[in-house]
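The values are calculated or read from the model by the stated rules, or taken from the named source; none is laboratory data. It should be emphasised that the depicted structure is a prediction, and the values quoted were computed from it without experimental measurement. Cβ coordinates were reconstructed from backbone atoms using ideal geometry, including for glycine residues, and neighbour counts include every protein chain displayed. Ligands, DNA and RNA are stripped out before the accessible areas are found, and what is left, the full protein with its side chains, is counted by its heavy atoms. Shrake-Rupley method; radii C 1.70, N 1.55, O 1.52, S 1.80 Å.
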Amino acid sequence: MKYKDFQNCGLKRALDMISGKWTPPILYFLFINQDMRFNDLWRSIPRVSKKVLSTHLKQLEDVGLISKREVDSFPIEVYYSLSEKGKLLGNILSDLDDFGSS
């Protein structure tokens with residue numbers, strides 16, 4: 001396989017979706033809690049700034065791994081959860097956890 005073929009393969013696209021310093025903890029907490037408000041997610045991940053978290057959440061939403069839901073109240077409540085596509089990562093991430101723990 002040539003490098004240009006790798007650029008278009010599914011493995012590279014999948015790894016690009018879940019790579020990044022803050023993506024694994026975001027996915028971890030959404031897998032455990034299923035539905036989290038922005039501030040609760042921010043408090044769960046030490047040392048991440050609100051701006052960086054917001055950027056990562058937007059990127060994960062753009063690739064279809066998470067869903068954003070706004071509740072019309074004052075102030076507006078924003079909830080994040082895994083999308084159906086994101087839920088498919090559950091077994092994969094569990095296998096990676098097993099691999100990393102061995």
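Computed values, structure above
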item	result
All positions within the range 67-81 that are under 19 Å from Phe31 (Cβ atoms), out of contact with any Lys or Arg (no Cβ under 9 Å at 6 or more places or on another chain) and open to solvent by less than 90 Å² (accessible area, probe 1.4 Å)	Ser67
Meets criteria (on the phi < 0 side of the Ramachandran plot and in contact with a His (Cβ under 7 Å, 6 or more places away or on another chain)) for Thr23	yes
Criterion violated by Glu84 - all others in (1) modelled with pLDDT under 90; (2) open to solvent by 100 Å² or more (accessible area, probe 1.4 Å) satisfied	(1)
Lys21 being open to solvent by 50 Å² or more (accessible area, probe 1.4 Å), farther than 16 Å from Ile66 by Cα and out of contact with any Cys (no Cβ under 6 Å at 6 or more places or on another chain)	yes
Test: residue in the range 42-53 that is under 12 Å from the mean Cα position of the chain (by Cα), at negative phi and open to solvent by 50 Å² or more (accessible area, probe 1.4 Å)	no
Filter result for Arg37 (open to solvent by 50 Å² or more (accessible area, probe 1.4 Å), among the basic types (Lys, Arg) and touching a residue at least 40 places away in the same chain (Cβ under 8 Å))	yes
So Gln59, is it touching a residue at least 40 places away in the same chain (Cβ under 8 Å) and open to solvent by 70 Å² or more (accessible area, probe 1.4 Å)	no
